[in-house]
Amino acid sequence: MPTANPSDTAVQELRVCTPDGTELLSRRLDPLRGYWIGRESSCEIVVDDHTVSRRHAFLFNAAGHWYMSDCGSLSGLDSAAGCLRCVRMTPECHVQIGGAVFWLMGGPSEPPEWIDARPESLGGGMVRLGNERLSDRPQRVSPEILVVTDSTGVVHLCADLSAILAEQGPGAARMTVGRSNAMDLEICHPSVDPLHCVLARGTEHWSLIDAGSSCGIDYDGKRWFRKRLERGVTLPVGDFRIALHSVATAMPPSLPAEPFAKRAEIKALPAPKRPSVFLGERRPRE
């Protein structure tokens, strides 16, 4: 199997090969984007293997480190440490999905030193945006508004996701969520892990993907490794809750006077009947 050059730490490139070492793919990674991996032809990286799920895993960057999170597949991520649900990618770490072996060329080998957000750093609040591309003011086009509440229903943040949706380029729009001040969405609370989850965009829907958090995504009495953030669905992040709403005006959403759980549901257009697929590039030519 090919090995990474330990002296080449400036390049962050994903390498994919067969178990016998035949290289299948080499791709420079954009740290602001994410990459779907699976059997579905519209994934950024397609693994044509019947043992691989349609959307098997998601590759993303957080605080300069690359992570691969399982998306609820049957087989998980096969690594030297066993079958895992979230793996930090390094030149020394190899992950196998079906008949493809993944590893990272370049990048840091040591784990990140998470710096937790503190209420005083958030201006006394509990939630803030750590990504300059995001905005708490809706755009002129129909925006998608991410609403973050606590367990009592108090709204802590309403964020417009239009900016990151408007960006073009290979890979999927994504935002990291956690307690660390390196996250795109910082939630300063002990119930939230430093890197808790990642919100990833498909063709029609956002999905919340667990990143090896201690409490996971508990919805409808079941733990999910990936759950669509559809209209009318509220998902937990520790003791907080996130939901997504679409609005068609330039006015920001009004804060509720009563707890979020007691509000009438926001009316929206029905979701498309056909199953969603995810944005991606075609497989590399043989």
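Annotations
- 5 angstrom amide H check on Gly153, placed H, neighbours 5+ away: Phe260
- Averaging the sequence gap over all C-alpha pairs within less than 8 Å and six or more residues apart, then dividing by the number of residues, gives segment 19-71 a relative contact order of 28 percent.
- Accessible surface of segment 30-177 [probe 1.4 Å, protein heavy atoms]: carbon and sulfur percent: 50
- Amide H contacts of Val237: Ile242, each under 5 Å away and 5 or more positions distant or on a separate chain (H built 1.01 Å from N in the peptide plane; Pro and chain starts excluded).
- Computed from point charges on the beta carbon alone (+1 for Lys and Arg, -1 for Asp and Glu), the dipole magnitude for segment 154-256 about its Cα centre is near 220 Debye.
- Selection from Leu165, Leu129, Pro108, by position along the positive dipole direction of segment 100-197 (Cβ): Leu165
- Taking all Cα-Cα distances within segment 38-139, those exceeding 21 Å account for 49%.
- Per-residue HN-Hα couplings for segment 119-127 [Karplus 6.51, -1.76, 1.60; θ = phi - 60°; Hz; x = Gly/Pro]: x, 5, 6, 9, x, x, x, 10, 9
- Rolling a 1.4 Å probe over the heavy atoms of the protein chains gives segment 83-127 an accessible area of 47 Å² per residue.
- The relative contact order of segment 166-232, computed from alpha carbon pairs under 8 Å that lie at least 6 residues apart in sequence, is 22 percent.
- Check: segment 44-123 dipole with +1 on Lys, Arg Cβ and -1 on Asp, Glu Cβ, in debye: 200
- Cut-off under 5 Å, modelled amide H: who pairs with Met105 long-range: Glu13, Leu14, Arg15
The values are calculated or read from the model by the stated rules, or taken from the named source; none is laboratory data. Values in this document were obtained by computation on a predicted structure and should not be read as measured data. Reconstructed Cβ throughout: ideal geometry from the backbone, glycine too, with neighbour counts over all protein chains shown. To get the accessible areas, we keep the full protein, side chains included, count just its heavy atoms, and leave off ligands, DNA and RNA. Shrake-Rupley method; radii C 1.70, N 1.55, O 1.52, S 1.80 Å.
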